[in-house]
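Read the structure below first, then the notes.
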Amino acid sequence: MEHNGAILAQRTSGDVQGNDLRKAGLKVTTPRVKILEILENDADRHLSAEDIYRKLVDLREDIGLATVYRVLTQFEAAGLVTRHHFADGMAVFELSAGPHHDHILCMDCGNVEEFVEPQIEERQRAVAERLGFEISDHALVIYGHCRRANCPHRKPSSA
Ligand SMILES: [Zn+2]
Ligand SMILES: [Zn+2]
């Protein structure tokens, strides 16, 4: 209802990124294709502009950080990605397509995980109804400190 899975569903087909760009009304350019490719295929679904820039450097793509910011802003305006401001000065981007989920964030390492809790979703609907609202969207972020002994995201210095 709040999102659709059309883009995620076609991840594996050949010219996926080009199609997604055209559907969003954006011209197909190399920086746009490469950045969308990273957003669609990286194991981490929540990436900062700097994360994406570092991955482009690893791929030996000659795309500057300013271009990454500009393209992400264009993607956001076109509805392709959602920008989250999870903590002070930390913006991360994820594809807008896909099912609704909420987020929990580690304040030590910045790792973001997703969850869906049907009872929370249901209570939110009940609250909105009681207050006379029809929900168009909502965002729930839990901030905390990861307590797992073997957290793979923990930085060596903070272990
Ligand atoms: Zn939710
Ligand atoms: Zn997410």
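All of the numbers you see were taken from the coordinates with simple rules; none came from a lab. Since this is a predicted model, take the numbers as computed values, not measurements. Because the Cβ atoms are built from the backbone with ideal geometry, glycine has one as well, and the counts that use them run over all protein chains shown.
Report the gain in length on full extension from Lys27 to Glu129: 0.36 nm times residue separation, minus Cα-Cα distance, nm rounded to one decimal.
Net length gain for the segment: 32.6 nm.
Please work out whether the chain counts as rounded, prolate or oblate from its C-alpha gyration tensor, where a ≥ b ≥ c are the square roots of the eigenvalues and a/c under 1.5 means rounded, while otherwise a/b larger than b/c means prolate and anything else oblate?
Since a/c reaches 1.5 but b/c is at least a/b, the shape of the chain is classed as oblate.
Report the chymotrypsin sites (Phe, Trp or Tyr not before Pro) located in the stretch 55-154 that are in a DSSP loop and have at most 14 other Cβ atoms inside 10 Å of their Cβ, or state none.
Phe133
Please name which of Leu59, Leu131, Leu36 has its Cα lying farthest along the dipole of the chain towards the positive end, using unit charges on Cβ (Lys, Arg +1; Asp, Glu -1) and the Cα centre as origin.
Among Leu59, Leu131, Leu36, the one farthest towards the positive end of the dipole of the chain is Leu59.
Go ahead and collect, in residue order, the members of the stretch 76-107 whose backbone nitrogen is under 17 Å from a label point 7 Å along the Cα-Cβ direction of Cys151.
Residues 86-88, 103-107 qualify, since their backbone N sits under 17 Å from the label point.
Counting other Cβ atoms within 10 Å, which trypsin sites (Lys or Arg not before Pro) in the stretch 52-159 have at most 13 and lie in a DSSP loop?
In loop regions of the stretch 52-159 (DSSP not H, G, I, E or B), the sparsely surrounded trypsin sites (Lys or Arg not before Pro) are Arg60, Arg147, Arg148.
What whole number of Å gives the distance from the Cα centroid of the stretch 15-72 to the Cα centroid of the stretch 122-140?
With the stretch 122-140 and the stretch 15-72 each reduced to a Cα centre, they are spaced 34 Å.
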